[in-house]
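As structure tokens, the structure follows; a few thoughts come after it.
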Amino acid sequence: MDVLNDVINLPFSYHLIAGLAIRLGLIVYGDYQDNYYDVAYTDVDYKVFTDAARHVLAGKSPYARHTYRYSPIIAYLLIPNIMLHKDFGKILFSVFDILLTIILKTLVENQLKSKEGGRISNYCSYFWLYNPLSIAISTRGNGDSVSCFFIILSIFFLQTDKVKSLIKYVLSGILLGISIHLRIYPLAFSFPMYLSLCEYKINRNTDLKTGFLALLPNKKQSLIALSCISTLVIMTYSMFLKYGYEFLFETYIYHLFRKDTKHNFSVLFYYSYLTMDELILDVVKHISQIFELFILFVISLSFGCEAKTLPFALFCQSVILVAFNSVMTSQYFIWFLSLLPLVVHNLRLKPFVALLLSIIWFIAQGAWLFYAYLLEFKCREIFILIWLKGIVFFCANIFILVQIIKSYSPEYRFGIIDYPCGVKNK
């Protein structure tokens, strides 16, 4: 136990080096597994990114590569895959992981503002640095760490005084606009981030008139909103000028109406598979989206109206966005795992309960993966069983989120730091 404590309490820079070394080692191992095993380590998306980069380098559209449905920026970033080495992109995504760890640590330090803040911020950042899923996603070649980086950096400028003056709200808005351009889902974060800057706080006792007046933009809100919208419009329009409607459809429109008939974690996948050629208007999916929007709205009002609870609002929203998505794969999990370090120290959970919730989540996911393996590689006709496991996994996600919300205490801080009034957390 003493050895473990000594390792945990090593200088933060040592952990960054270790985190990067683990990722580089897995990238090397991934090449070996790709060559000698039936199940490849490298994500299919990475091959799509590389092919799109090859098209861009040749002066063509990245969308000439079938199934490339991302911003052209990802293809641009991975051009060195063609010119330098095929693993460049994996290394780049891993570097984003390390940078994200540094920003997370700084943000938690800013939240705590105590002599214990440095130690606790280290512990929190390790939830990302050493998380098996975040490590696997980046080293397999998925680029979601890039959009997560810009989201966390946007929160960084919004909630710290590293940049003093109103320019920090402009920077936060610009970074949020970039993240929305790369992935649509951070659009949901814009509302609670806007609310967190309200001068008049909204709560359950706020009447309709006061609530409406509170939503009228002040100077800070105007700056973050205008900079976000301007950045998003400029980036999107410039790509539209270069690649036309194909860019808009593949990057954004396709995802809004996407119906993935292949097996995935979503509870809607089997329904989509059965109704692929039958429905013009998908009522079930739209009803699900209405419930999702309502929950996102309630979370925004519940936790997004104060700066100190904003990270928790974004974390809860990201869990809902993933759980209710009509397509859900492992890469989506880092949407909320990248925000977990900002709130984990506020969760009043006993270690045993936290471990139990983690086991529930991994077992529910592992059960689905087992049946997916039987379908994918053993050609077993078990769509219904996969769908049932998807329902179990959805229920597990919602149950765990409810327990996390119940345990959330903004002043808890792992029970180490005193409340402002000097009363020790129990």
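The values are calculated or read from the model by the stated rules, or taken from the named source; none is laboratory data. Computed from a predicted structure; not experimentally measured. Because the Cβ atoms are built from the backbone with ideal geometry, glycine has one as well, and the counts that use them run over all protein chains shown. SASA here: full protein model, heavy atoms, side chains in, ligands and nucleic acids out. Shrake-Rupley method; radii C 1.70, N 1.55, O 1.52, S 1.80 Å.
Which value, in debye to the nearest 20, gives the size of the charge dipole of the chain about its Cα centre, when Lys and Arg are +1 and Asp and Glu are -1 at the Cβ?
Dipole of the chain, to the nearest 20 debye: 900 debye.
Going highest first, how would you order 126-133, 188-195 by mean Cβ packing within 10 Å? Write down the numbers at each step before the final one.
Numbers: 126-133: 18.8, 188-195: 22.5.
Result, highest mean Cβ count within 10 Å first: 188-195, 126-133.
Rounded to the nearest percent, how much of the accessible area of the chain (1.4 Å probe, protein heavy atoms only) is carbon and sulfur?
Result for the chain: 68 percent of the exposed heavy-atom area is carbon or sulfur.
Heavy-atom accessible area of residue 164 with all protein chains present, probe 1.4 Å, nearest 10 Å²?
150 Å²
Where does each of 316, 379 land when they are ordered by accessible area, with a 1.4 Å probe and the largest first?
Putting 316, 379 in descending order of accessible area: 379, 316.
Quick one: which residues, 5 or more positions from residue 408 or on another chain, have an amide H under 5 Å from its amide H? H modelled 1.01 Å from N in the peptide plane, none for Pro or chain starts.
348
With +1 on the Cβ of every Lys and Arg and -1 on the Cβ of every Asp and Glu, and nothing else charged, how large is the dipole of the stretch 1-76 about its Cα centre, in debye rounded to the nearest 20?
In total the dipole reaches around 560 debye.
Would you mind counting up the charge near residue 371? Only other residues with Cβ under 9 Å from its Cβ, with Lys and Arg at +1 and Asp and Glu at -1.
Charge balance near residue 371 sits at +2.
Determine ³J(HN,Hα), in whole Hz, for all residues of the stretch 149-166 in sequence, where each value follows from phi through the Karplus function 6.51 cos²θ - 1.76 cosθ + 1.60 and θ = phi - 60°; x replaces Gly and Pro.
Result, ordered by residue: 4, 5, 5, 5, 5, 5, 5, 4, 5, 5, 10, 10, 10, 4, 10, 8, 4, 5 Hz.
Among 317, 104, 224, which residue has its Cα positioned farthest towards the positive end of the charge dipole of the chain, with +1 placed on the Cβ of Lys and Arg, -1 on the Cβ of Asp and Glu, and the dipole taken about the Cα centre?
Final value for the positive-end residue is 224.
Note the listed values [x] -0.35; [y] -0.40; [z] -0.55, then indicate which one is log10 I(q)/I(0) by the Debye sum over Cα atoms at q = 0.07 Å⁻¹ calculated from this particular structure.
Among [x] -0.35; [y] -0.40; [z] -0.55, the one calculated here is [x].
Can you list the HN-Hα couplings for the stretch 247-257, worked out from phi with the Karplus curve (6.51, -1.76, 1.60; θ = phi - 60°), rounded to whole Hz and with x for Gly and Pro?
4, 4, 5, 5, 7, 10, 4, 4, 6, 5, 10
Just want the answer: with Cβ charges of +1 for Lys and Arg and -1 for Asp and Glu, which residue in 83, 121, 134 is farthest toward the dipole's positive end in the stretch 43-134?
83
Please sort by residue number the chymotrypsin sites (Phe, Trp or Tyr not before Pro) in the stretch 13-99 whose DSSP state is loop and whose Cβ has at most 10 other Cβ atoms within 10 Å.
In loop regions of the stretch 13-99 (DSSP not H, G, I, E or B), the sparsely surrounded chymotrypsin sites (Phe, Trp or Tyr not before Pro) are 37.
Can you give me the accessible area per residue for the chain, using a 1.4 Å probe, in Å²?
On a per-residue basis, 49 Å².
Dipole of the stretch 250-363, Cα-centred, from +1 at each Lys and Arg C-beta and -1 at each Asp and Glu C-beta, to the nearest 20 debye?
Details: 7 positive and 7 negative charges, 96 e Å.
Using Cβ point charges on Lys, Arg, Asp and Glu, the stretch 250-363 gives about 460 debye.
Between residue 83 and residue 206, what length comes free when the chain is fully extended (0.36 nm per residue of separation minus the Cα-Cα distance, one decimal in nm)?
Length gained between residue 83 and residue 206: 38.4 nm.
What FRET efficiency would be calculated for the residue pair residue 57, residue 5, taking the C-beta separation as r and a Förster radius of 51 Å, to the nearest 0.05?
0.55
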